[in-house]
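Input: a single structure, listed below in structure tokens.
The values are calculated or read from the model by the stated rules, or taken from the named source; none is laboratory data. Here the structure is a predicted model, which means the values were calculated and not measured. When we count neighbours, we look across all protein chains shown, and the Cβ atoms used for this are built from the backbone with ideal geometry, even at glycine. Note: accessible area is taken over every heavy atom of the protein model, side chains too, but ligands, DNA and RNA are not part of it. Shrake-Rupley method; radii C 1.70, N 1.55, O 1.52, S 1.80 Å.
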Amino acid sequence: MDIILSIVYLIATVTFIVGLKKLGHPDTAKSGNLIAAGGMGFAIVGTIFIHDLEVPTLIYVLIGVAILVGSIIGGLIAVKVEMTKMPELVSLFNGFGGASAALIGIVEYGNADIKGISAAIITTILSAIIIGAITFSGSLIAWGKLNGTVKSVVKIPQYNIVNNVFFIAIVALGTYVVIGSIDSQILLYALLVGGLVYGILFVLPIGGADMPVVISLLNSLTGIAAAITGVLYDNMVMLVGGILVGSAGIILTVAMCKAMNRTLASVIFGSFTANASVEGVNKTLGSIKSTTASDSAIMMNYASNVVIVPGYGLAVAQAQHVIHELEELLTQKGVNVKYAIHPVAGRMPGHMNVLLAESNVEYNMLVEMDDINPQFNNTDVVLVVGANDVVNPAAHNDPASPIYGMPILDVENAKHIIVNKRSMKAGYAGIENELFYNSKTAMLFGDAKDTLTDLVAELKNM
Amino acid sequence: MNELLGFISSNLQIIYIVILSIFVGIEVIKSIPAVLHTPLMSGANALSGVVIVGAILVMLHSNPTDYVALTLGFIAVVLGVLNVVGGFAVTNRMLDMFKKKK
């Protein structure tokens with residue numbers, strides 16, 4: 001029996017590796033996902049049925065019910081959720097995985113003869129509980145921050161020190177339990193609560209713009225929690241699967257940081273929310289010029305090259321369908337239209353591509369940053385919709401700016417720039433954007449969806 | 001010190017597997033286009049739901065009268081399945097959108 005289950009796990013492990021590999025290429029991504037999902041299903045079924053234990057029917061029924069309930073809820077959420085909510089959803093699911101690991105740890109601590117087992121096993125159990133708890137509460141906070149429920153940016157002086165001291169305290173308490181082989185439910189729950197609190201403290205001060213990086217990091221941690229649980233059961237599929245997610249997650253996190261020209265340390269320790277450089281920029285901003293939908297429509301109608309720069313504001317306003325309508329209309333009128341996609345447009349790298357793909361925008365109309373930047377010189381009109389930080393020239397010119405050095409879309413090279421924004425409020429990074437004060441820029445204030453609908457109506461009348 | 005060496009010698013295989021897996025994970029993910037970061041993160045997230053295997057093991061090993069363990073195990077299975085099914089389904093949905101453009 002044992003060897004059969006081992007073979008099942010071996011096959012599942014291979015599907016995970018192949019699946020992840022295929023997920024990295026556009027043409028094979030879908031099959032990669034299905035292969036990994038199949039392997040996971042195989043491992044789950046194998047775990048339930050291939051063993052020598054005498055298991056009462058009741059437990060089989062309970063497992064069946066749990067799987068059914070989880071599948072129905074998970075499936076429904078996955079199908080119903082709006083694509084704009086994708087980052088939140090990944091975060092939420094990730095939190096569930098972490099919680100699952102923590103619960104397993106709690107049960108195993110209860111089952112184990114703490115006085116009789118090795119320090120290594122107690123360490124494993126406690127690590128699963130603490131890491132699982134951190135990812136659970138951290139993911140929930142990240143979820144809340146992304147959907148706007150959790151707003152507060154805590155500004156306690158020396159926050160990082162407080163945070164790190166707290167973490168060291170948890171580790172110290174854990175070490176005490178391990179070394180003393182202490183069988184205490186109270187200390188166990190203290191560690192659990194400690195992990196939960198640390199997860200909150202860890203994510204709370206990190207700025208919203210950095211949330212995708214945090215989610216990716218937490219995702220990696222869940223993988224590590226799964227791997228630790230795997231060690232506990234000497235279970236290879238959990239061990240290898242978890243480590244794979246852990247290391248791949250770290251690489252992905254670093255890749256995301258690179259796209260934003262930030263280091264992982266600056267994301268975690270230097271919250272992006274600082275208002276530090278605002279005073280520095282304010283002095284030479286000058287005045288802004290606003291425009292109307294009809295003027296903008298005329299401008300685009302007589303242009304030969306138009307580039308649309310979509311940002312998260314577009315997604316929030318659910319304007320991705322209207323923008324496609326606008327783009328089709330312009331194309332019909334003989335205007336050459338393209339979308340300029342910044343790597344971190346939206347709330348996650350690649351998020352904007354998903355959103356526009358959902359509205360049936362042709363894949364080849366989406367041009368990546370490095371390819372579109374040289375073309376702005378020949379662009380007549382740039383229409384910026386709900387994007388801010390990714391077109392902020394401060395990234396090039398202002399060494400004091402928190403986004404200095406971040407690669408941006410060089411829209412200021414175009415002949416005319418129309419910026420659609422709801423108000424002059426600063427972007428996610430909380431800093432001023434001198435692009436709005438550029439003499440070539442005209443501000444088109446209003447909700448993205450309403451404004452674009454007006455633009456479409458104006459264009460239809462021409 | 002002796003205890004540490006003892007730990008290493010009795011877990012040598014696991015240590016090998018962990019180190020090799022780390023490198024496999026890095027190699028597999030290296031140099032992927034930014035377009036795929038979101039689906040990849042979501043897919044990796046679904047994979048981390050492998051913790052469900054542990055949750056099932058908890059339930060299989062539980063004494064049917066140990067209601068605390070059974071309840072916690074039950075919740076762990078539900079949450080793990082949510083992670084797995086939701087994760088893969090949502091990744092599939094995202095990738096579907098890319099596909100029909102081709």
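The residues of segment A:412-436 that are at pLDDT 85 or above and open to solvent by 50 Å² or more (accessible area, probe 1.4 Å), listed by number, are A:ASN413, A:LYS415, A:HIS416.
Can you pull out every residue in segment B:63-102 that is of a type in the set (D, E, K, R) and under 30 Å from A:ASN353 (Cα atoms)?
Narrowing segment B:63-102 to residues of a type in the set (D, E, K, R): B:66, B:93, B:96, B:99-102.
Hits for segment B:63-102 are B:ARG93, B:ASP96, B:LYS99, B:LYS100, B:LYS101, B:LYS102.
B:ALA34 passes every criterion in (1) within 7 Å of chain A (Cβ to nearest Cβ); (2) open to solvent by 10 Å² or more (accessible area, probe 1.4 Å); (3) modelled with pLDDT of 90 or more; (4) within 24 Å of A:VAL213 (Cα to Cα) apart from (3). Reported count of residues in segment A:10-39, each being within 7 Å of chain B (Cβ to nearest Cβ) and touching a residue at least 40 places away in the same chain (Cβ under 8 Å), is 3.
Do the conditions hold for A:GLY195, that is, is it crowded, with 16+ Cβ neighbours inside 10 Å, of a type outside the set (Lys, Arg) and modelled with pLDDT of 90 or more?
Values: crowded, with 16+ Cβ neighbours inside 10 Å: yes; of a type outside the set (Lys, Arg): yes; modelled with pLDDT of 90 or more: yes.
Yes: the conditions hold for A:GLY195.
Pairing residues of segment B:59-74 that are facing chain A (nearest Cβ under 7 Å) with residues that are of a type in the set (Ser, Thr, Tyr), at Cβ distances under 7 Å and at least 6 apart in sequence or on separate chains, gives B:ALA69/B:SER62; B:LEU70/B:SER62; B:GLY73/B:SER62. Condition test on A:ALA387, is it small (Gly, Ala, Ser) and closer than 21 Å to A:SER287 by Cβ? Considered against the rule, which asks whether it is small (Gly, Ala, Ser) and closer than 21 Å to A:SER287 by Cβ, A:ALA387 comes out as no.
Within segment A:228-251, residues that are among the charged types (D, E, K, R) reach partners that are part of a helix (DSSP H, G or I) and open to solvent by less than 40 Å² (accessible area, probe 1.4 Å) with beta carbons closer than 9 Å, at six or more positions or on different chains, in the pairs A:ASP234/B:ILE14. For segment A:292-400, the strands (runs of 3 or more DSSP E) that sit wholly inside it and include 1 or more residues that are in contact (Cβ under 8 Å) with a residue 40 or more places away in the chain and surrounded by 18 or more Cβ atoms within 10 Å (Cβ to Cβ) are A:305-310, A:336-341, A:381-385. Residues of segment A:93-113 that are surrounded by fewer than 24 Cβ atoms within 10 Å (Cβ to Cβ) and either in contact with a Phe, Trp or Tyr (Cβ under 6 Å, 6 or more places away or on another chain) or outside any helix (DSSP H, G or I) (or both): A:ALA112, A:ASP113. Is there a residue in segment A:383-402 that is among the β-branched types (Val, Ile, Thr) and out of contact with any Gly (no Cβ under 9 Å at 6 or more places or on another chain)? No.
Check B:VAL51, B:VAL78 and return the single one that is open to solvent by 10 Å² or more (accessible area, probe 1.4 Å) and either closer than 30 Å to A:GLY350 by Cα or modelled with pLDDT of 95 or more (or both).
Numbers: B:VAL51 fails: open to solvent by 10 Å² or more (accessible area, probe 1.4 Å).
From the options B:VAL51, B:VAL78, the qualifying one is B:VAL78.
The single residue among A:LEU188, A:LEU173, A:LEU140 that is within 25 Å of A:VAL90 (Cα to Cα) and aliphatic (A, V, I, L, M) turns out to be A:LEU140.
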